[in-house]
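Input: a single structure, listed below in structure tokens.
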Amino acid sequence: MDNFTFYSPTYFVFGKETENETGKYVKRFGGHKALIHYGGGSVKKSGLLDRVKKSLENDGIAYCELGGVKPNPRSGLVYEGIDLCRKEGVDFILAVGGGSTIDSAKAIAAGVPYDGDFWDFYQGKPVDEAVPIGVVLTIAAAGSEGSGDSVITKEEGMFKRSAGGDAMRPKFSILNPALTQTLPPYQTACGITDIMAHLYERYLTNTKDVEVTDRVIEGLLLTMIHEAPRVMADPNNYEARANIMWAGMLAHNNCCGVGRTQDWASHNLEHELSAMYDCAHGAGLAVAMPAVFTYNLNHDVMRFAKAAVRGWGIQMDFDNPERTAKEGIEALRSFLISLGMPKNLEELGGKEEDIEKLAYTACYGDVETGTTGGFVVLNQKDCENVYRLML
């Protein structure tokens, strides 16, 4: 196990009707005027936005609003939010939504006190200061409610890049699983896929003797394998929703990733798919993961075989561990397809003639260094090969 530090200061408020306490927590963490940041009309139609506003008003918190966050959140709205916060004297940002809304809120929070272009943070500059952030979560997926990470798409060039820093970790996150019961099945499945990807990205490590975090990841993976079919069969299954929501947070606040190297090739290659084709992130990951894993299989067959045995219950073939490893990858692929996820690049709207551009942008676009991935370092040619496995 490698040396590590771990800091996760977010205050979690979990359970039914907890969104009605939003104002209390904004006040507790020093907010006087909040920007309520959200996406489309669902938070309005459901009445959630009104409940949040009422809670803020009851606790004497002034607010302004900025809606319009899209999946794969855009830089243009971030710039608008930064200007609005400065103009209105906002001292707290409240994200009401899923990962896209939270990521956009984090970008705004980092940009408000910064003299330069917020995009500097998405080119590698660490975020050391940010306006405090709170979250009312509406979808279990990205894990942004407990992490210090954010992903934004820059409209000029359509680069999808990430930023990070403990200053962007939410001060509090309100997690009411009941708020996810009205999600369309496709969105639920995309969220499940993203959670499982966060687990695999950490499981694929070159660090030896990390049994504790291996077992944590395996336990969360088993939870997702058990709960996903239940929630797809019955969207109103509160207990399944609750387990998935908490697993989603644990999968990405990095408690599973400490003391070990991580991969992130699947995420990085997927970012190019959702930037180019505007597909759902989870859907892109469903296509990217099996391709990346198949390409990297021989780097450490036993690591993939271990995931197959411990996660998917596949019998270990000690005479042919590669067979076991391949069965595990196929089990993941089949599982995601059973949830309604796409099985190939074409179903995402992708085209074979785009592969060279996708690989080039993944490796060299917008200050990229020419390679990607931490488990296996992939160059441009490798990335082209992986994208072809997605066809």
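In the chain, the longest principal axis of the Cα atoms and the axis of helix 355-364 are about 60 degrees apart. Each of the peptides 150-156, 61-67 was scored by the mean count of other Cβ atoms within 10 Å over its residues; in descending order, highest first, they stand as 150-156, 61-67. Rolling a 1.4 Å probe over the protein heavy atoms of the chain, with every protein chain left in place, gives an accessible area that is 49 percent carbon and sulfur. Amide H to amide H, with H built 1.01 Å from N, ALA62 comes under 5 Å of ALA34, counting only residues 5 or more places away or on other chains. Relative contact order of region 152-298, taken over Cα pairs closer than 8 Å and 6 or more residues apart, is 33 percent. With Cα atoms defining each centre, region 39-106 and region 318-391 are spaced 34 Å apart in the structure.
Across GLN315, GLN181, GLN123, mean-square fluctuation computed from a Gaussian network of the chain (C-alpha pairs under 10 Å connected) peaks at GLN315.
Any chance you could give the angle, 0 to 90 degrees and rounded to 10, that helix 75-88 forms with the longest Cα principal axis of the chain? So the inclination is approximately 20 degrees. Peptide packing for 269-277, 197-205, 39-47, 368-376 was compared via the average number of neighbouring C-beta atoms within 10 Å per residue; ordered from the highest value, the list is 197-205, 269-277, 368-376, 39-47. For ARG74, the amide hydrogen comes within under 5 Å of the amide hydrogens of THR153, counting only partners 5 or more places away or on other chains and with H modelled in the peptide plane. With contacts taken as Cα pairs under 8 Å and at least 6 residues apart, region 256-388 reaches a relative contact order of 31 percent. Oblate is the label for region 147-261, because a/c, from the alpha-carbon gyration tensor with a ≥ b ≥ c as root eigenvalues, is 1.5 or above and a/b does not exceed b/c. Using C-alpha pairs below 8 Å separated by at least 6 residues, the relative contact order for the chain is 15 percent.
In the full protein context, region 94-174 carries 28 Å² of accessible surface per residue, based on a 1.4 Å probe and ignoring ligands, DNA and RNA.
Helix 321-338 and the longest principal axis of the Cα set of the chain meet at an angle near 40°. Give me the net charge of VAL309's neighbourhood, meaning all other residues with Cβ under 15 Å from the Cβ of VAL309; Lys, Arg count +1, Asp, Glu -1. Residues close to VAL309 contribute a combined charge of -3.
With the Cα gyration tensor of region 311-389 giving a ≥ b ≥ c as the square roots of its eigenvalues, does the rule (a/c under 1.5 for rounded; else a/b larger than b/c for prolate; else oblate) give rounded, prolate or oblate? Because a/c hits 1.5 or more and a/b fails to exceed b/c, region 311-389 counts as oblate. Taking Cα centre as origin and charging only the Cβ of basic (Lys, Arg, +1) and acidic (Asp, Glu, -1) residues, the dipole magnitude of region 229-380 rounds to 620 debye. Close Lys pairs in region 260-391 (alpha-carbon distance under 25 Å; sequence gap of 8 or more, or different chains): 9. In the chain, helical runs assigned H by DSSP with n ≥ 4 each contribute -39500 (n - 2.57); averaged across all residues and rounded to the nearest 500, the mean residue ellipticity at 222 nm is -15000 deg cm²/dmol. What you get for the chain, charging only the Cβ of Lys and Arg (+1) and of Asp and Glu (-1), is a dipole of about 960 debye around the Cα centre. Take 278-289, 337-348, 250-261 and order them by the average number of nearby Cβ atoms within 10 Å per residue, most first; the result is 278-289, 250-261, 337-348.
The values are calculated or read from the model by the stated rules, or taken from the named source; none is laboratory data. Because the structure is a prediction, the values reported are computed rather than measured. No Cβ is skipped: glycine too gets one built from the backbone with ideal geometry, and neighbour counts run over all protein chains shown. Areas reflect the complete protein model, heavy atoms only, side chains present, ligands, DNA and RNA absent. Shrake-Rupley method; radii C 1.70, N 1.55, O 1.52, S 1.80 Å.
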